[in-house]
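Peer 1: The structure is given below, and queries will be raised subsequently.
The values are calculated or read from the model by the stated rules, or taken from the named source; none is laboratory data. Everything numeric in this text was worked out from a predicted model, so none of it was measured. Cβ atoms come from the backbone with ideal geometry, glycine included; neighbour counts cover every protein chain shown.
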Amino acid sequence: MKYEHKGNVAYTDKTKGLWDVYEDSNGKSSLTEHKPKLIWESCKTEDHEYKLTNSRKRECICTKCGFITTFVLGLQLLVDGKIVNLR
């Protein structure tokens with residue numbers, strides 16, 4: 001199979017090419033597009049339902065999506081699964 005150099009590819013028109021593009025005799029390019037896969041998706045901020053996991057660190061975890069956060073002792077409370085600001 002023979003490969004033919006088709007040029008360089010750059011992010012913008014002002015930059016020099018970052019990699020070379022080749023095409024084989026069947027017309028298949030060495031440049032391919034990869035779609036990112038979804039690794040993790042969290043709830044919206046107001047939809048989290050927290051459960052206390054480590055009281056020493058004030059660490060809470062959302063029971064729906066697994067998001068981990070901490071609350072500020074004295075300024076926030078964990079009430080019915082929600083972090084409530086006192087001030």
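Peer 1: Let me spell it out: the conditions are (1) exposed (fewer than 10 other Cβ atoms within 10 Å of the Cβ); (2) in the same structural domain as residue 8 (by TED's automatic domain parsing), and residue 28 meets all of them except one. Which number is the exception?
Peer 2: Here residue 28 meets the rest and fails (1).
Peer 1: Okay, moving on. Look through the stretch 70-81, keep the residues that are exposed (fewer than 13 other Cβ atoms within 10 Å of the Cβ) and under 27 Å from the mean Cα position of the chain (by Cα), and return whichever of them is farthest from residue 41 (Cα to Cα). Break it down into steps so the answer makes sense when it comes.
Peer 2: As a first pass, look at the stretch 70-81 and keep what is exposed (fewer than 13 other Cβ atoms within 10 Å of the Cβ): 70, 72-75, 79-80.
Restricting the remaining residues to those that are under 27 Å from the mean Cα position of the chain (by Cα) gives 70, 72.
Details: 70: 19, 72: 25 Å.
Among those that are exposed (fewer than 13 other Cβ atoms within 10 Å of the Cβ) and under 27 Å from the mean Cα position of the chain (by Cα), it is 72.
Peer 1: Residues that are surrounded by 11 or more Cβ atoms within 10 Å (Cβ to Cβ) and closer than 30 Å to residue 3 by Cβ: does the stretch 38-50 have at least one?
Peer 2: No; the residues of the stretch 38-50 include none that is surrounded by 11 or more Cβ atoms within 10 Å (Cβ to Cβ) and closer than 30 Å to residue 3 by Cβ.
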